[in-house]
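Written below as structure tokens is the structure these notes are about.
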Amino acid sequence: MTASIRLHVQGPLEAGAVAATDAEQAHYLAHVMRCAVGTPVTLFNGRDGEWAARIARLRRGEATLAVETRLRPQRPGPDLWLVFALLKRTATDFLVQKATELGAARLVPVLTARSGAERINADRLARIAREAAEQCERLELPDIAAPAPLPAVLAAWPPDRTLHAAIERESAPPLRPASGPAALLVGPEGGFAPAELDALRAHPFVLPVSLGPLILRAETAAIVGLARLQAPS
């Protein structure tokens, strides 16, 4: 069997180390992938790069992995955040998955006048992000912030990070690749309220941008925007 199984673990990774999975990962190895002792796996923890390992022990609810050789050193990912108006559960799950696959370093859900929800299941979203990172071969997990009102997020915003605001039906310049710390803001399905648009325009770090002539769903706008910000210039 080839080392097609890739897992995120918490502990340090180095040659000769023993890494432990959680119960969900142990179940995945034993009952989904039908692994056995000696099966090769690939591990990463967001700090030590990517490592080849083998299953050393596999029992109900636990697995231990013998770490062997490093496959890739740790490298920084894109310095890119996604700020999004909180959506309904299915759309938020999809957005977190795709933003992780596109390399977003931090995901910031915000509460707006027209948000589709007011809370998140942090454990579920963390699991979705972990599984997406395992699948897409990125070396770290995104940080997922707790939901906060849009004014509070703007008040605490780092001024050296440009916030590209995708504002519907605005005569704004098209979104172009970022050359430094950047973030993308996408609004709720009904768009931002007039007072929210005024608040965004009042901040010098906010740059209104256009994603094209069509009105996109929020999750589609996030995918398009993240891809454009990372496109070769």
Item checked: Test for GLU62: is it surrounded by 14 or more Cβ atoms within 10 Å (Cβ to Cβ), under 27 Å from CYS35 (Cβ atoms), acidic (Asp, Glu) and under 19 Å from the mean Cα position of the chain (by Cα) -> no
Checklist line | Set ALA126, ALA122, ALA132, ALA165: member being surrounded by 14 or more Cβ atoms within 10 Å (Cβ to Cβ), out of contact with any Asp or Glu (no Cβ under 9 Å at 6 or more places or on another chain) and free of Cβ contacts under 8 Å to residues at least 40 places away in the same chain | finding: ALA126
Note to self: Kindly evaluate ALA221 against the criterion of being in contact (Cβ under 8 Å) with a residue 60 or more places away in the chain and either within 30 Å of SER4 (Cβ to Cβ) or surrounded by 14 or more Cβ atoms within 10 Å (Cβ to Cβ) (or both).
What the structure shows: no
Notebook entry, point to check: With (1) part of a helix (DSSP H, G or I); (2) within 26 Å of PRO232 (Cβ to Cβ); (3) of a type in the set (Gly, Ala, Ser) as the list, and ALA178 as the residue in question, which single condition is left unmet?
Noted result: (1)
Next item on the list: Check whether at least one residue in segment 16-35 is on the phi < 0 side of the Ramachandran plot, among the polar types (S, T, N, Q) and not assigned by TED's automatic domain parsing to the domain that holds LEU200, and report yes or no.
Entry: yes
Next item on the list: Would you point out which residue out of VAL83, VAL67 is under 18 Å from the mean Cα position of the chain (by Cα), surrounded by 22 or more Cβ atoms within 10 Å (Cβ to Cβ) and assigned to a strand (DSSP E or B)?
Entry: VAL83
Next item on the list: Can you work out which of the residues in segment 29-47 that are out of contact with any Lys or Arg (no Cβ under 8 Å at 6 or more places or on another chain) and crowded, with 19+ Cβ neighbours inside 10 Å is farthest from LEU139 (Cα to Cα)?
Entry: CYS35
Notebook entry, point to check: Any residue in segment 122-133 that is assigned to a strand (DSSP E or B) and within 15 Å of the chain's Cα centre (by Cα)?
Noted result: no
Notebook entry, point to check: Which one of PRO159, PRO173 is over 20 Å from GLU219 (Cα atoms) and in contact with a Phe, Trp or Tyr (Cβ under 8 Å, 6 or more places away or on another chain)?
Noted result: PRO159
Item checked: Residue selected from segment 171-206 under the condition among the charged types (D, E, K, R) and loosely packed, with under 15 Cβ neighbours inside 10 Å, by the criterion nearest to TRP157 (Cα to Cα) -> ARG201
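The values are calculated or read from the model by the stated rules, or taken from the named source; none is laboratory data. Nothing here was measured: the structure is a model prediction, and the numbers come from that model. Positions of Cβ are generated from backbone atoms using ideal geometry, with glycine treated the same way; all protein chains shown enter the neighbour counts.
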